[in-house]
Amino acid sequence: MFHLFLWDFEPDGNVEHIAEHGLEPDDVEYAFNDILSEATSRSSGRPAIYGLTPDGRVIFVVFEEIDDRLIYVITAFEYEE
């Protein structure tokens, strides 16, 4: 499914937050096209995915669905078993 993403480039926005975890919006958007599994965040109860970045890293992405196609990423970080 094709998704649109709402990125907040302001200080303390979701772009800055994922950058703290070594990720960029392109990494997260790519992961939505290469989903390994769907999940639910244990801490927030929000939907989440495990997906692959272009360079093959597995990341965990917590998000909100604004509507059927619009995604707001809350956080994303590299998944380490």
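Values quoted throughout were computed directly from the atomic coordinates according to the rules given, and no laboratory measurement underlies them. In this text, all values refer to a predicted model and were calculated from it rather than measured experimentally. Virtual Cβ from ideal backbone geometry, glycine too; neighbours counted across all protein chains shown.
Go through the residues of the range 18-34 one by one and say whether even a single one is more than 12 Å from the chain's Cα centre (by Cα) and either closer than 15 Å to residue 71 by Cα or in contact (Cβ under 8 Å) with a residue 40 or more places away in the chain (or both). Yes, the range 18-34 contains at least one residue that is more than 12 Å from the chain's Cα centre (by Cα) and either closer than 15 Å to residue 71 by Cα or in contact (Cβ under 8 Å) with a residue 40 or more places away in the chain (or both). The set of residues in the range 5-33 that are surrounded by 13 or more Cβ atoms within 10 Å (Cβ to Cβ) and acidic (Asp, Glu) comprises 8, 24, 27, 29. Here the range 1-41 is the region considered, the condition is being assigned to a helix (DSSP H, G or I) and touching a helix residue (DSSP H, G or I) at 6+ places or on another chain (Cβ under 7 Å), and the residue that is nearest to residue 59 (Cα to Cα) is 28. Cβ separations smaller than 7 Å between residues 6+ apart or across chains give the following pairs from the range 38-62 residues that are within 18 Å of residue 5 (Cβ to Cβ) and without any contact (Cβ under 8 Å) to a residue 40 or more places away in the chain to residues that are among the polar types (S, T, N, Q) and assigned to a loop (DSSP other than H, G, I, E, B): 48/41; 59/53; 62/41; 62/44.
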